[in-house]
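What follows is a set of notes on a single structure, which appears directly below.
The values are calculated or read from the model by the stated rules, or taken from the named source; none is laboratory data. Please read all numbers here as calculations on a predicted model, not as lab measurements. Here the Cβ positions follow ideal geometry from the backbone for every residue, glycine too, while neighbour counts run over all protein chains shown. In case anyone asks, the SASA skips ligands and DNA or RNA and just uses the protein heavy atoms, side chains included. Shrake-Rupley method; radii C 1.70, N 1.55, O 1.52, S 1.80 Å.
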Amino acid sequence: MGAKENILAVLSERPTGLLYHYTNGTGLFGIFRDKAIWASSAYHLNDSNEFRYAIQLIKEELINRIRGEKDARNETYSDLLKELDNFQSGIQVFVASFSEEGDLLSQWLSYGNRLNGYAIGMRRAHFRPALSNEFSLMRCRYTEEEHAHLVGDVIDILCEISPNNKNSDALIPLAFAGLSAIKHSGF
């Protein structure tokens, strides 16, 4: 499978059981009032370094490839390294967090506000409206091995971008959607 197919496979995974959204009383009230869970910009999360971590992995891998390879792709890697911030500023990534576990201490501590926490369980059908509007539901990747695979695939996709490639406009959002699955093990 190629890089594009690998990223599409990540984006097309679907959970089989309930997904839980942990929140406090204020969040629960807002969900019932708005009949929605809002996604937040990946660049403006409580810890905005989370998405920047994935971008940093891309930069590090590009530098490693430039140092390790002496072929025609080095120029492409250098160009990507220079343009990465421009790509990033042109793409908006929004995230909402869910867990396959309905009773996790780390989630209660992060979102429960002491005794004011809720884990709302949702079935796949609850996500259909979002999934039909270009949102993706994807499993987060926490291991260095998974990160390395995703980073390699994203770089390979970004290397395909050129004025001659009529699919270039679709490749950048695809690559950044794949990056949003990378989670730092500390989060």
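At a glance:
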{"item": "Positive dipole terminus of region 61-175, leading residue within Trp108, Leu81, Gln92 (C-beta point charges)", "result": "Trp108"}
{"item": "Accessible solvent surface per residue of region 93-179, calculated while the other protein chains remain in place, 1.4 angstrom probe, Å²", "result": "66"}
{"item": "Gap separating the Cα centres of region 1-70 and region 104-132, nearest whole Å", "result": "16"}
{"item": "Cross-link partners of Lys70 among lysines (Cα-Cα below 24 Å; sequence separation of 8 or more within a chain)", "result": "Lys59, Lys82"}
{"item": "The chain: antiparallel DSSP beta bridges as a percent of all, rounded to 5", "result": "90"}
{"item": "Unit charges on C-beta of K, R, D, E only; dipole of region 28-187, Debye", "result": "600"}
{"item": "Amide H contacts of Arg141 (H built 1.01 Å from N, under 5 Å, at least 5 apart or other chain)", "result": "Ile182, Lys183"}
{"item": "Backbone HN-Hα couplings from phi across region 3-15 [Karplus 6.51/-1.76/1.60, Hz, Gly and Pro as x]", "result": "4, 4, 5, 5, 5, 4, 5, 4, 6, 9, 4, 10, x"}
{"item": "Karplus 3J(HN,Hα) series, Hz, for region 27-33 with 6.51 cos²θ - 1.76 cosθ + 1.60 (x for Gly, Pro)", "result": "x, 4, 4, x, 5, 5, 5"}
{"item": "Residue-wise HN-Hα coupling along region 145-159, computed from phi with Karplus coefficients 6.51, -1.76, 1.60 (Hz; x: Gly, Pro)", "result": "5, 5, 4, 4, 5, 5, 4, x, 5, 4, 4, 4, 5, 5, 5"}
{"item": "Using alpha carbons only: equivalent-ellipsoid semi-axes of region 17-96, gyration tensor based, whole Å", "result": "39, 12, 10"}
{"item": "Residue-averaged 222 nm ellipticity for the chain, from DSSP H runs of 4+ at -39500 (n - 2.57), nearest 500", "result": "-16000 deg cm²/dmol"}
{"item": "Accessible surface of the chain, 1.4 Å probe, proportion on carbon and sulfur as whole %", "result": "51"}
